[in-house]
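The values are calculated or read from the model by the stated rules, or taken from the named source; none is laboratory data. Note that the coordinates shown come from a computational prediction; the quantities given were computed from them, not determined experimentally. Neighbour counts run over all protein chains shown; Cβ positions are idealised from the backbone, glycine included. Just the protein is used for accessible areas: all its heavy atoms, side chains included, with ligands, DNA and RNA removed. Shrake-Rupley method; radii C 1.70, N 1.55, O 1.52, S 1.80 Å.
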Amino acid sequence: MTLTQLRYIVAIADAGLNITLAAELVHATQPGLSKQLKQIEGELGFQIFSRRGRSLDAISPAGAQVIERARVMLDEARNIRALAANLRGEVQGELSLATTHTQARFVLPPAIARLKHDYPDLNIHIRPHGEPRVLSLIESGEVDLAIVSTSGSRPQGDIAVPLFRWQRAVVVPVDHPLARLNRPVDLPTLAEWPLVSYESSLRDESSLQRAFAAHGLQPRIACTSGEADLIKTYVQAGMGVGVLAEIGLNPQDSKELKILNADGLFPECITWLVLQRDRVLRDYAARLVNLIAPQIGVADLQRALAGHEAEIWPEPPRWSLRAPWLQAASQAA
C-alpha cells in the first residue's frame, strides 16, 4: 500500500466515483488509476467501491472506513512535507487561498504583491467564492487559508483569527437627492429608496435585514451582486442606493459616488482568517497573514496551529485606519 494509492481512492470519493474526473484531479491516467485501485483492493481483500457493471456504484461500508483513515494519513504526510520544507528554508511552493470577491479585489492585492516580491518562485492560487463555499473549501482541506467576514460572530472552523474590523458604506451617485443630505442617513430614509447590495442581503438572517427589521422596516432590495465593483456600477447606473463593505471603496470612486455618513447604521463586521488545526503552514502562508494583519505574529500563528497556546488574539484594528480618506469622506456628508 502506498500514499499514491491512498491519494487515488480519496480522489475517486471526492470526484463522486467518476474515474475520469478523479484521474484529472490527481494528474493520472484513467487506466493507471483503475489499476492502482485494483491493487489496493486486492491487498485489502475487499472492495472499497461497489460496482454496477463496469462502473463504480457506491462506497462500501468497509471502504468508507478506509477512506476516512486515508485522509488522515494524507494530511499527516502533507504536514511532514510542509514541516521539512520550512526547516530547509525552502522558498518555493504553492499557496491556495479561498476568500470572497471583495477581499480578493480590495484587501489582498498589496499583500500578495509584497509576498510575491519576497518569494518570487511561489505560485499563488486565489479562489473567490461566496462565504459558505469558502468555509467548505478550508474544511475539506482544498485550500491552505480562508478569509471571510461576519457581523461580529465567529465563523465556523477549527481556528478563527480576527484580522480587521469594518463598516458598511452607503453610497449614491453625486447627483442623487441623498447626496445633498446635510445629516447622517438613517434607516427610515433608506427604506424609501431601492437598494443595491450583496446577494446575502436577501437572506432573512442577514445583518442588513435584521437592522431594518429592528426598526419595523423592510428594505427594498432592487439589485444584488457578489462583487463590490458591480454594486458600485449599478449604483452609478441609477439602480438605487448602494450598501456595501467600506473595504470595497477606493479614492477614485469619489468622482462618481458620494459616501454618506452612515456611522452606527449597521452592525460592525470582522474579517477573519480561518484555518485547520494541526495543519503545518508553510512559512510563506503565515507571512501572508502577517502582511494582511501586522498585529498577528508568524510565530504566534504557528503555535496556535500546533495547539500549544490558547487562541487569544489582538484586538483587530479598524479598516478605516488604513484608509483615512474613507472616514473623512463620510464625515463630510
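Under 15 Å from a label point 7 Å along Cα→Cβ of Gln39: give me every residue in segment 57-96 with its amide N that close.
none
Could you point to the residue in Leu301, Leu249, Leu265 farthest towards the positive end of the chain's charge dipole, with +1 and -1 charges on the Cβ of Lys/Arg and Asp/Glu respectively?
Selected residue: Leu249.
Skip the ligands, DNA and RNA, and give the accessible area per residue of the chain with a 1.4 Å probe, whole Å².
Ligands and nucleic acids excluded, the figure is 50 Å² per residue.
For segment 251-324, which whole percent of the accessible surface, found with a 1.4 angstrom probe, sits on carbon and sulfur atoms?
Of all accessible area on segment 251-324, carbon and sulfur atoms account for 53 percent.
If you fit an axis through the alpha-carbon atoms of helix 283-292 and take the longest principal axis of the Cα set of the chain, what angle between them do you get, 0 to 90°, nearest 10?
Approximately 10 degrees, to the nearest 10.
On average, how much area does the Cα convex hull of segment 9-139 cover when viewed from any direction, in nm²?
So the Cα hull casts an average projection of 10.3 nm².
For segment 1-56, which chymotrypsin sites (Phe, Trp or Tyr not before Pro) pass both filters: DSSP loop (anything but H, G, I, E, B) and at most 11 other C-beta atoms within 10 Å? Before the final figure, lay out the partial values.
Numbers: sites: Tyr8, Phe46, Phe49; in loops: Phe46.
Answer in residue order: Phe46.
What size of dipole, in debye to the nearest 20, comes out for segment 1-141 about its Cα centre when the only charges are +1 on Lys and Arg C-beta atoms and -1 on Asp and Glu C-beta atoms? Show your work: numbers first, answer last.
Details: 16 positive and 14 negative charges, 48 e Å.
Dipole size: approximately 220 debye.
Can you tell me the orientation of helix 30-44 relative to the chain, as the angle in degrees between its alpha-carbon axis and the longest Cα principal axis, to the nearest 10?
Result, in degrees: 60.
Based on the Cα coordinates of the chain, what is the per residue volume of their convex hull in Å³? Each step should come with its number before you reach the end.
Details: hull volume 57.4 nm³, N = 333.
For the chain, the hull spanned by Cα atoms encloses 172 Å³ per residue.
Projecting each Cα onto the charge dipole of segment 155-291 (Lys/Arg +1, Asp/Glu -1 at the beta carbon, about the Cα centre), which of Leu281, Ala237, Cys223 comes out farthest on the positive side?
Farthest along the dipole direction, towards plus: Leu281.
Report, for the chain, the % of DSSP beta bridges that are antiparallel, rounded to 5. Each step should come with its number before you reach the end.
Working: 24 of 42 bridges.
In the chain, DSSP labels about 55 percent of beta bridges as antiparallel.
Give me the percent of accessible area attributable to carbon and sulfur for segment 24-162, probe 1.4 angstrom.
Within segment 24-162, the accessible surface is 52 percent carbon and sulfur.
Among the lysines, select those whose C-alpha is under 29 Å from the C-alpha of Lys232, and discard any that sit fewer than 8 residues away in the same chain.
Lys255, Lys258
Quick one: go through segment 30-71 and flag any residue whose amide nitrogen is under 18 Å from the point 7 Å out along the Cα-to-Cβ line of Asp158.
Output list for this probe position: 68-71.
Along the Cα→Cβ direction, 7 angstrom out, place labels at Leu3 and Glu94. What is the inter-label distance in nm?
About 1.5 nm, to one decimal.
Where does helix 3-14 land angle-wise versus the long Cα axis of the chain, in degrees 0 to 90, nearest 10?
Here the helix axis deviates by roughly 50 degrees.
Of all trypsin sites (Lys or Arg not before Pro) in segment 23-115, which ones are in loop regions per DSSP and have a Cβ with at most 14 other Cβ atoms within 10 Å?
Arg54
For the chain, which longest stretch is free of loop sites, where a loop site is one of the GluC sites (Glu not before Pro) that DSSP puts outside H, G, I, E and B and that has at most 16 other Cβ atoms within 10 Å?
Free of exposed loop sites, the longest segment is 1-89.
Restricting to DSSP H runs of at least four residues, report the calculated mean residue ellipticity at 222 nm for the chain, -39500 (n - 2.57) per run over all residues, nearest 500 deg cm²/dmol.
-11500 deg cm²/dmol
How long are the semi-axes of the ellipsoid equivalent to segment 174-245, from square roots of 5 times the Cα gyration tensor eigenvalues, in whole Å, largest first?
On the way: eigenvalues 68, 58, 16 Å².
So the equivalent ellipsoid measures 18, 17, 9 Å along its semi-axes.
Want the number for Glu256 to Arg277: 0.36 nm per residue separation, take away the alpha-carbon distance, what's left?
Working: separation 21, 0.36 × 21 = 7.56 nm, distance 4.48 nm.
So the chain would gain 3.1 nm between Glu256 and Arg277.
Residues in segment 107-149, backbone N under 13 Å from the label point at Glu205 (7 Å along the Cα-to-beta-carbon vector): list them, ranges by number please.
Only 132 pass the distance filter.
Could you tell me the calculated FRET efficiency between Leu321 and Asp186, based on Cβ-Cβ distance and R0 = 30 angstrom, to the nearest 0.05?
Once rounded, the FRET efficiency stands at 0.70.
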